[in-house]
Amino acid sequence: MTNKILFIANWKMFGDLESLKSIESVIKLTKKKTYTKAKVIYCPPFTLLSSFVNKTKKSKVNVGSQDCHFEKDNGPFTGSISSSMVKKIGAEYVIIGHSEKRIEGDSNEKINKKIHNAISNNLKVIFCIGENLYEKNNKKTNYVIKKQINSGLKKIKKIDKIIFAYEPVWSIGTGKVLNNNKLEKQILYIKKYLKKKFRKQNTQIIYGGSVNNKNIDNLKQIAGINGFLIGGASQNSKKFIDIIKKTII
Ligand code: PGA
């Protein structure tokens, strides 16, 4: 696993061929010496995966899918793509367990199958975990996170291909972010838990939820964070570059 700072752009259900051009400035930035510490991964919608792979081919920017199916490589699953399809077109990462997919029916069990599948197809997994508002208000955050980790990673022994994305559901797209103190504690809690569970293997944890070019000055101070999963602000290359610059410099 890399020890670079990760900037993962989750474009969700946004973007078309026109928007491809906008990532050129980001690719250019990552070629500069100062930014070798940064690793950028674009996760566009399925329709753009192939174009993003081609566009970023000669650069250090990587591409990932926003999801994959939980079954094997092929099958009668209308509307889905498998992790082997993602791998075959040249993407290297896949987001699994995003709360927007959990709401649509991704259970911890399905997520577990997806992770097994993705790893066996040699993809790196961006595994999203985090509590919703109800769970937060009822002080169930740690319980929920442990459950997501234990069920989602059932029978997974090595976590070197997994990036953990802590994304409190109530923070996604709302502009609300935990204060630094609380967020740092939460990240450390997850790190400690993973170290205990996976016998001190190195863990990579990133934060996601309303990261933008204003709050990044604050967020980058938090110890233990290996990068960010960025939704809304990553679709605007100016803002995205601003986030990268402010974190690295
Ligand atoms: P946001 O989304 O940055 O727009 O809050 C983050 C995510 O859903 O991964």
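What follows draws every value from the coordinates through simple rules; no lab data is involved. In this text the structure is predicted, and so the values were computed from the model without any measurement. All Cβ positions, glycine included, derive from the backbone under ideal geometry; neighbour counts span all protein chains shown.
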Next item on the list: Please list the radius of gyration and Dmax for the range 133-219, considering alpha-carbon atoms only, with Å as the unit.
Entry: 13.6, 40
Notebook entry, point to check: Which ³J(HN,Hα) values, rounded to whole Hz and listed in residue order, are derived for the range 95-109 from phi using the Karplus coefficients 6.51, -1.76 and 1.60 in 6.51 cos²θ - 1.76 cosθ + 1.60 with θ = phi - 60°, glycine and proline given as x?
Noted result: 7, 10, x, 4, 4, 6, 8, 4, 4, 7, x, 6, 7, 4, 5
Item checked: Fewest-first sequence of H98, H69 by Cβ atoms within 10 Å of each Cβ -> H69, H98
Next item on the list: Return an integer: the convex hull volume of the alpha-carbon atoms of the chain, in Å³ per residue.
Entry: 116
Notebook entry, point to check: Counting only DSSP beta bridges with both residues in the range 6-139, what percent are antiparallel, rounded to the nearest 5?
Noted result: 0
Checklist line | the range 1-106: C-alpha gyration tensor shape, a/c 1.5 cut-off, then a/b vs b/c | finding: prolate
Next item on the list: Please list, in chain and number order, the residues 5+ apart from L6 or on another chain whose amide H is under 5 Å from its amide H, with Hs placed from the backbone.
Entry: K39, G227, F228
Notebook entry, point to check: Residue by residue, what Karplus-based ³J(HN,Hα) values in Hz, rounded to whole numbers, does the range 36-46 have, using 6.51, -1.76 and 1.60 with θ = phi - 60° and x for Gly and Pro?
Noted result: 5, 6, 9, 10, 9, 10, 9, 10, x, x, 3
Check: Rounded if a/c is under 1.5, else prolate if a/b is larger than b/c, else oblate: which is the range 1-44, with a ≥ b ≥ c the root eigenvalues of its Cα gyration tensor?
Finding: oblate
Next item on the list: List every residue whose amide H lies under 5 Å from the amide H of I206, counting only residues 5 or more places away in sequence or on a different chain, with H placed 1.01 Å from N in the peptide plane.
Entry: F164, A165, Y166, N226
